[in-house]
Structures are given as C-alpha cells and as structure tokens.
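One structure is given here, and the rest of the page talks about it.
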Amino acid sequence: MALGSNMNFKKINAFLHLWLGLLSGLVVFILGITGCILVFETEIRNALEPYRFVPVEAKQMLAPAQLKAKTAVQLNAPASITGITYHTSEEAATIYYQLKDKSEWEAYVNPYSGKLIKVRPQAIGFFDVVLYLHTSLLIPGKAGQAIVSYATLIFIVLLISGIVLWWPKKWNKSSRKKSFSIKWNAKFKRLNYDLHNVPGFYSMLFVLVIAFSGVLISIPWLAKGLYWMGSGGASLPKRVPPSSKVIQGSPPYKNGVDLLWTKFANAKPGMGKIILSISYPEKKEEVITLVYNPKPGTSYQSEIQYYDQYNLKKIDMPHFWQKEYIKAHLGDLFGRLAFDTHTGQIGSLPGKILAFIASFIAASLPVTGFYIWWGKRKKKI
C-alpha cells in the first residue's frame, strides 16, 4: 500500500512539474535573463557614464541653496528645481528640474564647485525598459505584475518538485555520479538532461531565495502575512506621505532645506560616505522629503524622512521605509531586506555574482526542461 501511494505521489509530482513548467516557462526565462542584466546595472552604468564622477576634493560639498543657485545660472532655460541627490565623494550631485513645458530633466553637477557637467532629459532608458520587462513583461496595469508574481510563485513550486524528481532512487556510487555531475562528453540529449538537473540542484537554495524575495516584493498578501508574523500580529502599515500643516499667511520656513541638510550632515556620517536625496515641496501642503542611505550599494538601511515645510518638525510615519532603521523589528526587516536579497546586493560583489549565476541557471531551466519534454513527446509520436 505504501509503495502504491509513493508511486502515485511521484506521478502527480511529475505531472505538476511538467505542466506548471510549460505554463510558467517563458515568463521564468524572461525574468532570469533580465535579472542577469539588472544585477550589474550599477557597474554597467559606471562604465558607460563617466560624467557621473568627479575628482575628490578636500573640502565640504556645497549646500543645497548654493547648488541650486549655481545650477540655475548655468542652465540655458528657466527651470524649477524639484530635488537634489548628493552621492558619494567621488560622484557628481544630481539636480532634478522641470522646464516650463513640464518636461523633466536632470543635471549632473560638481558638488564641490557647482560646475555643470551634463544635462539630460529624464527619459525612459535601456535599464528602465529591462526593469519594466522584469516586473510586468511590458504589460501595463496590474495584469503584467500579477503574471510575473504568480509565475514566480509557480517556479518556487517547480524547484521543490524538481528536487523530488532529481532525488536518486539508490545512493550508490553510480547514481551519485549521475546525480551530482555533468557528463560533458555525452550526446546532446543526455547532456541537456544533466544541464537541467545538476545545475538546478546546486543552485536551488540561491534560486529559491531570489525567487521568494521577488514574490515578497510583488505579492501584497505575502508581504502582509510575513510582516504579521515578524511583528507579532501587527498589520503592515500603508506607505503614504504626510502633509504639512498649512498656516494661513505664513510662508515656508526660510532656508529650511539648508538647515535640515546641515543638521542631517552633522548628525549622520559625513557627507561623501552616504547618499542623501532631497525633494522640495511643490505645493503648500507638501512636505520636505529626505531619503538617507548610509550604505551606498544597498538599500536596506535607507530611511525616508519627512519635515513640515512651515516649522521643520519631523513627521514620523509607521511604514518600515518611513522609520529609522535602528527602530526596525523583524517584520520591518523582512520588507527592508527583500530588495537587496533579490538583487544580490546584500552580499556586495560576491552576492551579485551569485545572483547573476542563479538567475542565469533559472533562465536555462525552462529551456532545458522544454527540450526534455519535447524529446519524450517526439519519441511517443
């Protein structure tokens, strides 16, 4: 009876592995290839965009008001500056602005002198398209995101069912060799079979982590459930920006952004070691927004801070990105670590290399798996 039950389980597992694989294979292939590209986006951009770098100078970076003023003088058209990002000491500052026609532009400026280096429109670039393909298959609205999310969830099931299929019937020397090594001199059909099973086994843990962190980002009910578990039963707060308390007849706090910038630079690690983005309020009810990242190259320690533009009082918000990192509990950490884990950034360059390899293997599995199925199908015909 037990033997029959075991055989039924294996048949059901094989059936699910086949048809779920055929159902999600193309999506998984696209996600794997685009993931390989996005893992090294920063390194590729650094090589192709030299204007983003400046010589390091032994002096303080210019305050926001100074950068705004110097940039405005050098621009060829009247502009409304909406934000500034200070990068590390060897990088240019980025000034975001709008022209009268509402087109959005960005200027790269030397943060020590205010000299304008390059101006370019905030147009959709190559990596934006790759990211859109990765997150929604270029399908607008929520449909594309849902397809990607649930195809990834199916892929997680496939990884687990694949291990069941891979598991050797006998643990002797011959079966171990077949299960753990690729026979490179074999005919293509056998080689393809090994390329599906062996890399899939060795990379399974890493691929599972990348896939699960991806669905944690993209599936709300999963993110809410994990947050509930990690926080001890609390609901995941919505991420919404607060509002300034408009005081009739009173102007915004004079030089408020510069005061916050100075206070922030003194309270946190020195400028040049962090990334600090400032968004200026465009409407009377909006707030001054500071995004602080003490560990460039990752995002899990980032904080979004809000200040009332009339009195510069900090407005605390409950979402895990809108609170201080040191105050994060386990539920917050699940959300904070998901992106860096998904991209491999959590492990610096070695983590990115592992993420690249895992993504490449994940992309290969639907291809080799399809050929295995096609070969069996042709044999039956």
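Rule-based calculations on the coordinates, nothing more; no lab input. Here the structure is a predicted model, which means the values were calculated and not measured. Neighbour counts run over all protein chains shown; Cβ positions are idealised from the backbone, glycine included.
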*Provide the three semi-axes, in whole Å and in decreasing order, of the ellipsoid equivalent to region 141-210 as defined by the square roots of 5 times the Cα gyration tensor eigenvalues.*
30, 14, 9
*Specify which residue in the list Tyr51, Leu23, Gly83 is farthest towards the positive end of the charge dipole of region 1-86, using unit charges on the beta carbon of Lys, Arg (+1) and Asp, Glu (-1), about the Cα centre.*
Leu23
_Neighbour-count ranking [beta-carbon atoms within 10 angstrom, fewest first] of Ser364, Ser348_ = Ser348, Ser364
*asked:* With the crude spin-label approximation of a point 7 Å out along Cα→Cβ, what separation in nm comes out for Ser113 versus Leu330?
replied: 5.4
_Relative contact order for the chain: what percent, with Cα pairs under 8 Å and sequence separation of 6 or more?_
21
*asked:* If you take Cα extents along the principal axes in Å from the coordinates, which of (i) 121, 45, 34; (ii) 67, 50, 49; (iii) 83, 46, 39 do you get?
replied: (iii)
*Given the pairs Lys10/Lys189; Lys238/Lys327; Lys59/Lys295; Lys118/Lys245, which are separated by over 27 angstrom at their Cα positions?*
Lys118/Lys245
*Let me have the relative contact order for region 300-381, percent, based on Cα pairs under 8 Å that are six or more residues apart.*
18
*Packing-based exposure ordering (other Cβ within 10 Å, fewest first) of Tyr292, Tyr371*: Tyr371, Tyr292
*asked:* So if I take the centroid of the Cα atoms in region 32-80 and the same for region 180-210, what is the distance between those two points in Å?
replied: 42
*On a C-alpha basis, how far is the centre of region 256-330 from the centre of region 339-369 in Å? Whole number, if you could?*
31
*If the label point is 7 Å along Cα→Cβ of Ala234, which residues in region 300-339 have backbone nitrogen under 16 Å from it?*
304, 316-337
*Mind checking the angle between helix 330-343 and the chain's longest principal axis? C-alpha axes, 0 to 90 degrees, to the nearest 10.*
80
*Of the chain, which part is the longest with no GluC sites (Glu not before Pro) in a loop (DSSP not H, G, I, E, B) and with at most 15 other C-beta atoms within 10 angstrom?*
91-281
*Using a simple charge model, +1 on the beta-carbon of Lys and Arg, -1 on the beta-carbon of Asp and Glu, nothing else, what dipole does region 104-192 show about its Cα centre, in debye to the nearest 20?*
1260
*In what sequence do Asp332, Asp128, Asp101, Asp258 fall when counting other Cβ within 10 Å, fewest first?*
Asp101, Asp128, Asp258, Asp332
*Among the trypsin sites (Lys or Arg not before Pro) within region 216-265, which fall in a DSSP loop and have no more than 14 other Cβ atoms within 10 Å of their own Cβ?*
Lys238, Arg239, Lys245, Lys254
_Give me the extension gain from Arg52 to Lys283: residue separation times 0.36 nm, minus the current Cα-Cα distance, reported in nm with one decimal._
80.1 nm
*Do the sum for the chain: with -39,500 (n - 2.57) for every DSSP H run of n ≥ 4, divided by all residues, what is the mean residue ellipticity at 222 nm, to the nearest 500 deg cm²/dmol?*
-18000 deg cm²/dmol
_Contact order normalised by residue count of region 228-295, Cα under 8 Å, 6+ apart, percent_ = 30
*Regarding region 277-381, what are the three Cα extents along the principal axes, ordered largest first, in Å?*
77, 31, 23
_For the chain, size of Cβ-based charge dipole, Lys and Arg +1, Asp and Glu -1, in debye_ = 2040
